[in-house]
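Structure provided below as structure tokens; questions to follow.
The values are calculated or read from the model by the stated rules, or taken from the named source; none is laboratory data. Everything numeric in this text was worked out from a predicted model, so none of it was measured. Please note: Cβ atoms are built from the backbone with ideal geometry, for glycine as well, and neighbour counts cover all protein chains shown. Protein only, heavy atoms only, side chains kept; ligands, DNA and RNA dropped before computing areas. Shrake-Rupley method; radii C 1.70, N 1.55, O 1.52, S 1.80 Å.
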Protein chains: 2
Amino acid sequence: MEFKEAKNKFVQTWGALGSQWGINKTMAQIHALLMVSNEAVSMEDIMEELQISRGNASMNLRALMDWGIVYKEYKAGERKEFFTAEKDLDELASKISRERSKREIKPALKILKEVSTIEAKDSEEEKHFVDQTSKLYDFVLKADNMLDKMTEFNDNWLGKLVIKMMK
Amino acid sequence: MEFKEAKNKFVQTWGALGSQWGINKTMAQIHALLMVSNEAVSMEDIMEELQISRGNASMNLRALMDWGIVYKEYKAGERKEFFTAEKDLDELASKISRERSKREIKPALKILKEVSTIEAKDSEEEKHFVDQTSKLYDFVLKADNMLDKMTEFNDNWLGKLVIKMMK
DNA sequence: TTAAACTTTCAAAAATAATTGAAAGTTTGT
DNA sequence: ACAAACTTTCAATTATTTTTGAAAGTTTAA
């Protein structure tokens, strides 16, 4: 396979993956493109490579920056802006998980707590509801904490030991 | 808050969460409804509670069964089918992660391997591409394995110890 | 074998999400 | 202050996904 083809394949694949995870296709593609570029890329070039409009590029770059996984860069003598992606994968994973936690998991936990603390009068139906949502609350809380600590855990010696043992 | 209200809130929240994770809203709502029901629910009742059409209910129930997280049940003397959700949360998480791995991560890994093994002739650009996609391959592979082992890890003594330490 | 009681399928319609492009906004150099 | 070189915004359009509902299919009991 030739470089250009490989690059294109990667960008397409990453884009498709993104849309399965609630991130829009273009956003994931831009991110993919920046990840494998060894130098900062201008909006013009992003538009050209992905064949998208200026507005689309602008909005999705903004979203990526809000996620904290793409940065703006300025080049001396150039008026236009350039963009780079976070390339350290531990850092990337950490930012993504922090952001998803904040946007999705925390609000869900809040609701889970609310609904799991209603007074479960008499019926079996209500008891089961409270029981199941309480379990869910604990579970999601635990999973959220784990994700939170995943990166540092991944780096630390005990983590490495445990990972080896799990293989 | 009253039971009916709490139940509705839970179903709505779970549904919204689902759509952020690439699962459609109705599918997630049906799952939510079944999770908090202490007994098996008929299609008729699902349609009624969620205000959806027969076709919609049928298709989404099928999808949930394909994921292995909802089961059909038959009641003696009743001709119609009833449905229940997997209620054990470790089991649920394990099935979801197995399924997503199979459907999304494994295919992506295959592509990552392909594109990361092109011959990186001379240019810095190509070298960077191969380097970055290789790292990504390793990272995704590692993360995939971790998810795979999460449940058993969660249950085992060492895991519990580590989790305690991380808190 | 028939018919009642169900479930599944799928083309069409509706709802939702992403994209465009041009006008408005901003920044920088002179 | 002006205008060139950019970026952002957002209403309208386009594309994608989901939902509907009625016809076709299936199962069961008599």
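Would you be able to say whether some residue in segment B:41-57 is surrounded by 13 or more Cβ atoms within 10 Å (Cβ to Cβ), within 16 Å of DNA strand D (Cβ to nearest atom) and at pLDDT below 95?
no
If you don't mind, another one. For segment A:7-58, give me each residue that is within 13 Å of DNA strand C (Cβ to nearest atom), among the small types (G, A, S) and facing chain B (nearest Cβ under 9 Å).
Hits for segment A:7-58 are A:A16, A:S19, A:G22.
Ok, one more. For the condition touching a helix residue (DSSP H, G or I) at 6+ places or on another chain (Cβ under 6 Å) and either without any contact (Cβ under 8 Å) to a residue 24 or more places away in the chain or in the same structural domain as B:A93 (by TED's automatic domain parsing) (or both), what is the one hit in B:G55, B:G18?
B:G18
While we're looking at this one, here's another question. Among the listed residues A:L136, A:L64, which satisfies the condition of being surrounded by 13 or more Cβ atoms within 10 Å (Cβ to Cβ), over 15 Å from the mean Cα position of the chain (by Cα) and closer than 25 Å to B:A143 by Cα?
Going through A:L136, A:L64 in turn, just one is surrounded by 13 or more Cβ atoms within 10 Å (Cβ to Cβ), over 15 Å from the mean Cα position of the chain (by Cα) and closer than 25 Å to B:A143 by Cα: A:L136.
I would also like to ask the following. Of the conditions (1) more than 12 Å from DNA strand C (Cβ to nearest atom); (2) open to solvent by less than 30 Å² (accessible area, probe 1.4 Å); (3) not hydroxyl-bearing (S, T, Y), B:F83 fails just one. Which one is it?
Only one criterion in (1) more than 12 Å from DNA strand C (Cβ to nearest atom); (2) open to solvent by less than 30 Å² (accessible area, probe 1.4 Å); (3) not hydroxyl-bearing (S, T, Y) is unmet by B:F83, namely (1).
Restricting segment B:86-107 to residues that are open to solvent by less than 40 Å² (accessible area, probe 1.4 Å) and acidic (D, E), which is nearest to DNA strand D (Cβ to nearest atom)?
Among them, the one singled out is B:E104.
Now a separate question. Considering segment B:72-110 alone, what residues qualify as being under 21 Å from the mean Cα position of the chain (by Cα) and not in a helix (DSSP H, G or I)?
Listed by number, the residues that qualify are B:K72, B:F83, B:T84, B:A85, B:E86, B:K87, B:D88.
Another question, then. Run down B:S94, B:S123, B:S101 and say which single residue is modelled with pLDDT under 95 and more than 30 Å from A:K87 (Cβ to Cβ).
That would be B:S94, the only listed residue that is modelled with pLDDT under 95 and more than 30 Å from A:K87 (Cβ to Cβ).
Just to verify a result, which residue in segment A:7-17, among those that are open to solvent by less than 40 Å² (accessible area, probe 1.4 Å) and within 17 Å of B:Y137 (Cβ to Cβ), is modelled with the lowest pLDDT?
Only one residue fits best here, namely A:L17.
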